[in-house]
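First the structure, in the form of C-alpha cells, and then the observations on it.
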Amino acid sequence: MAKSASPAAGLSPAAEATLLQHLAVADRQWLPRAEILPNGATRYHYRRRPGEPRLSVAELRALIANPPRFGAERLAIGELLTVLAAAGVRLELTQPRKTGAAGEWDPSARTLRIQPRVVGKGSLEFARVLNHEAIHVAQSCRNRGLRSSPRPLGLSSQVPSHLAAILEEPIYRTASERVRQLEREAYANQERLGLGAQLVRRHC
C-alpha cells in the first residue's frame with residue numbers, strides 16, 4: 001500500500017494570493033470616513049485598535065486624504081509565509097485546538113493554525129498573530145528543532161500595557177509558568193513585524 005504524502009509546508013501560491021486579497025478587503029474597515037449630516041455638519045467614523053490614541057479631526061482628515069494601504073504589513077506577511085514554508089512549517093487557516101486562541105503552534109505536527117476570523121480583522125492584526133506564532137516556531141527550533149517543545153529565546157518579556165490583560169484570560173490563567181513565560185516573550189515582541197522571520201531564519 002502506497003504511503004500517503006505529508007501535507008505540504010506553507011500555503012500554495014493560489015491560497016496565499018486569496019489570503020492577501022481577503023486581507024486587502026478586510027483592511028477597508030480601518031479607513032476613516034466622513035459623513036455629511038442634514039444640517040451640514042460633518043461626522044467622522046473610524047475604528048481604534050487597543051492601545052491606539054484618539055485621533056483629532058485634523059488627523060482624521062489627513063487619513064481620509066491619504067489613507068493607509070497596509071502594504072508594509074502585507075509584505076511582512078508574505079516574507080513570513082515564505083520563511084515558515086522554507087523551515088518546513090505547515091500553515092492552516094482553521095480553528096485552533098486550543099479554545100479561545102487566535103493562533104497556535106503545534107510542534108508535534110509542525111503546524112501553525114490561525115483562526116479564520118483573524119483574516120477578517122485585516123493585514124495588521126493578521127501580521128501580528130502570524131509574527132507571534134513565528135516566535136513560538138523559533139522557540140521550538142532553539143530547543144533542538146522544529147518538533148521540540150518551545151524554549152524561551154531570551155527576548156524582552158515586557159508586554160505592552162494594552163496586551164497585558166490577555167495573559168489573565170481563561171486560556172492562560174491556569175497555564176504553567178513556563179507556558180506563560182513563552183507567551184510573554186511572544187506578546188512582548190509580536191508587534192515588531194519582521195522579527196519572527198529573522199528568528200526563524202536564525203534558529204530553524
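The values are calculated or read from the model by the stated rules, or taken from the named source; none is laboratory data. None of these values were measured; they are calculated from a predicted model. Glycine also receives a Cβ, built like all others from the backbone with ideal geometry; neighbour counts cover every protein chain displayed.
Computed quantities for the displayed model
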{"item": "Some residue of segment 132-142 being closer than 18 Å to residue 199 by Cα, loosely packed, with under 14 Cβ neighbours inside 10 Å and either in contact (Cβ under 8 Å) with a residue 60 or more places away in the chain or out of contact with any helix residue (DSSP H, G or I) (no Cβ under 6 Å at 6 or more places or on another chain) (or both)", "result": "no"}
{"item": "Sole exception among (1) more than 16 Å from residue 78 (Cα to Cα); (2) touching a residue at least 60 places away in the same chain (Cβ under 8 Å) for residue 150, by number", "result": "(2)"}
{"item": "Some residue of segment 97-108 being over 19 Å from residue 179 (Cβ atoms) and either without any contact (Cβ under 8 Å) to a residue 40 or more places away in the chain or surrounded by 12 or more Cβ atoms within 10 Å (Cβ to Cβ) (or both)", "result": "no"}
{"item": "So residue 67, is it within 19 Å of residue 26 (Cα to Cα) and in a loop (DSSP other than H, G, I, E, B)", "result": "yes"}
{"item": "Residue satisfying condition, being under 25 Å from residue 134 (Cα atoms), part of a loop (DSSP other than H, G, I, E, B) and either in contact with a helix residue (DSSP H, G or I) (Cβ under 9 Å, 6 or more places away or on another chain) or at pLDDT below 95 (or both), within set 5, 14, 76, 26", "result": "5"}
{"item": "Unmet requirement for residue 101, which otherwise passes all of (1) at pLDDT below 95; (2) in a helix (DSSP H, G or I)", "result": "(2)"}
{"item": "Checking residue 115 against (1) in contact with a Gly (Cβ under 7 Å, 6 or more places away or on another chain); (2) closer than 20 Å to residue 79 by Cβ; (3) not aromatic (Phe, Trp, Tyr), the condition it does not meet", "result": "(2)"}
{"item": "Test for residue 62: is it part of a helix (DSSP H, G or I) and in contact (Cβ under 8 Å) with a residue 40 or more places away in the chain", "result": "no"}
{"item": "Failed criterion for residue 151 (all others in (1) surrounded by fewer than 19 Cβ atoms within 10 Å (Cβ to Cβ); (2) touching an Asp or Glu at 6+ places or on another chain (Cβ under 6 Å); (3) under 24 Å from residue 88 (Cα atoms) hold)", "result": "(2)"}
{"item": "Test: residue in segment 50-67 that is surrounded by 14 or more Cβ atoms within 10 Å (Cβ to Cβ), hydroxyl-bearing (Ser, Thr, Tyr) and not assigned by TED's automatic domain parsing to the domain that holds residue 141", "result": "no"}
{"item": "Residue list for segment 154-178, filter: without any contact (Cβ under 8 Å) to a residue 24 or more places away in the chain and surrounded by 13 or more Cβ atoms within 10 Å (Cβ to Cβ)", "result": "164, 166, 167, 172, 175"}
{"item": "Among (1) modelled with pLDDT under 95; (2) of a type in the set (Lys, Arg); (3) part of a helix (DSSP H, G or I) - the single one residue 144 does not satisfy", "result": "(3)"}
